[in-house]
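Contents: one structure, followed by commentary.
The values are calculated or read from the model by the stated rules, or taken from the named source; none is laboratory data. Computed from a predicted structure; not experimentally measured. FYI the Cβ positions are ideal-geometry reconstructions off the backbone, even for glycines, and counts take in every protein chain you see.
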Amino acid sequence: MSTNLLEFDLDGLAAFCERLGEKRFRATQLFRWIHQRGASDFEAMSDLAKALRDKLKGCARVEALPVISEHVSSDGTVKWLFDVGDGNAVEAVFIPEDDRGTLCVSSQAGCAVGCRFCSTGHQGFSRNLATGEIVAQLWFAEHSLRKRLQTEERVISNVVMMGMGEPLQNYSALVPALKVMLDDHGYGLSRRRVTVSTSGVVPMMDRLSQDCPVALAVSLHAPNDPLRDNLVPLNRKYPISELLDACNRYLRHAPRDFITFEYCMLDGVNDQVEHARQLIELVKRTGIRCKFNLIPFNPFPASGLLRSPHNQVQAFAKMLSDAGIITTVRKTRGDDIDAACGQLAGDVKDRTRAAERMAKQRTIVLKPVT
Ligand code: SF4
């Protein structure tokens with residue numbers, strides 16, 4: 001079986017080329033052909049020696065994931081569903097804005113964290129994606145968009161690891177994929193424009209700060225441990241105080257001087273005045289430099305949860321802003337193609353029976369904290 005070269009960051013590709021008896025600069029040329037020009041046919045890589053092209057044809061390939069479907073929203077958002085084999089599928093979403101093009105990328109088929117409000121979490125966990133499967137989402141999106149828009153300019157300026165899965169639970173595949181995104185010979189994205197979103201895997205946050213410090217978003221979703229235990233089950237392992245300590249440590253290495261806290265607004269559950277007060281108190285007490293991103297929940301029947309009314313979201317945002325915390329409300333994009341946040345569900349075989357566990361959990365009544 002030949003090796004898919006999308007699996008490698010530049011160091012990995014250099015090691016691969018070395019095994020073929022080739023120097024590092026050949027790997028750099030090859031890397032640029034693949035990622036900057038979207039080439040998959042070795043014969044088209046005209047500045048590579050014929051002998052190398054022949055060697056590559058015998059042992060390597062550049063292969064995207066098969067596309068199951070592509071949907072284009074009226075607002076320009078594009079959602080792809082990719083086949084990752086064995087009955088599993090993952091999604092990537094491109095969100096165009098005036099000043100940027102953002103690709104939301106998946107890191108796992110399903111997710112084992114099982115957040116209550118997350119459609120992916122409800123499907124359970126199937127498997128980690130390989131580095132090549134993470135990179136393939138960007139490779140395909142960037143080069144197919146360039147063709148569609150008839151441009152040779154870069155289309156994707158930002159990547160957010162906020163698709164299906166908890167990226168920090170797939171650390172060894174994630175880091176080389178991030179390196180491909182950042183590499184000047186690859187996509188050349190700035191560290192500030194690549195964001196890893198985590199539900200709070202504390203030890204891996206520390207490792208990421210050393211290995212590849214990119215921008216960090218943390219799925220907070222609750223201002224106190226009892227409520228967060230229920231909404232984000234990982235909180236039972238890494239409670240809020242440990243999580244915020246880890247955020248503060250991360251900030252010493254981060255390319256941005258704040259952490260983004262994601263907060264999904266759930267009607268009557270975490271959107272009350274008292275919750276805003278508790279958040280303000282938490283931020284003041286820990287001194288954490290942060291921004292809040294309030295996310296209107298995208299309801300799905302299995303969750304048993306509802307979207308907070310618009311006025312409630314605005315009032316909540318105002319309370320945080322009035323307390324000096326920069327707060328934005330996420331615009332929902334791609335609603336008409338189910339590409340909004342928390343709607344990336346793909347099609348996943350639940351091998352950890354997470355869906356079953358969550359069905360049991362649903363019998364627990366969530367009460368607003370007083
Ligand atoms: S919100 Fe993220 S961590 Fe939580 S279940 Fe969904 S994909 Fe997993």
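Key figures
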read-out	value
Test: residue in region 174-192 that is touching a helix residue (DSSP H, G or I) at 6+ places or on another chain (Cβ under 9 Å) and within 16 Å of the ligand (Cβ to nearest atom)	yes
Sole residue being within 15 Å of the ligand (Cβ to nearest atom), under 21 Å from ASP9 (Cα atoms) and without any contact (Cβ under 8 Å) to a residue 60 or more places away in the chain, chosen from LEU103, LEU30, LEU56, LEU129	LEU129
Any hit, region 163-173, residues being more than 19 Å from VAL62 (Cβ to Cβ), more than 12 Å from the ligand (Cβ to nearest atom) and surrounded by 23 or more Cβ atoms within 10 Å (Cβ to Cβ)	no
Selection count where residues are surrounded by fewer than 17 Cβ atoms within 10 Å (Cβ to Cβ) and among the aliphatic types (A, V, I, L, M), scope region 294-318	3
Filtered residues of region 148-162 (kept if in contact (Cβ under 8 Å) with a residue 24 or more places away in the chain and more than 15 Å from the chain's Cα centre (by Cα))	ARG154, VAL155
Wholly within region 21-128, strands (runs of 3 or more DSSP E) carrying at least 3 residues that are crowded, with 20+ Cβ neighbours inside 10 Å, of a type in the set (Val, Ile, Thr) and in the same structural domain as ALA177 (by TED's automatic domain parsing)	88-96
Selected residue (only one of GLY304, GLY342, GLY268, GLY334 is of a type outside the set (Val, Ile, Thr) and modelled with pLDDT of 95 or more)	GLY268
Any hit, region 216-232, residues being assigned to a helix (DSSP H, G or I), among the β-branched types (Val, Ile, Thr) and within 14 Å of the chain's Cα centre (by Cα)	no
Conditions (1) touching a residue at least 40 places away in the same chain (Cβ under 8 Å); (2) away from the ligand (no atom under 12 Å from the Cβ); (3) farther than 23 Å from ARG236 by Cβ; number of the one not met by ALA109	(2)
So SER241, is it within 26 Å of MET161 (Cβ to Cβ), more than 16 Å from the ligand (Cβ to nearest atom), polar (S, T, N, Q) and crowded, with 16+ Cβ neighbours inside 10 Å	no
Filter result (surrounded by fewer than 21 Cβ atoms within 10 Å (Cβ to Cβ) and within 16 Å of the ligand (Cβ to nearest atom)) within region 205-226	ALA217
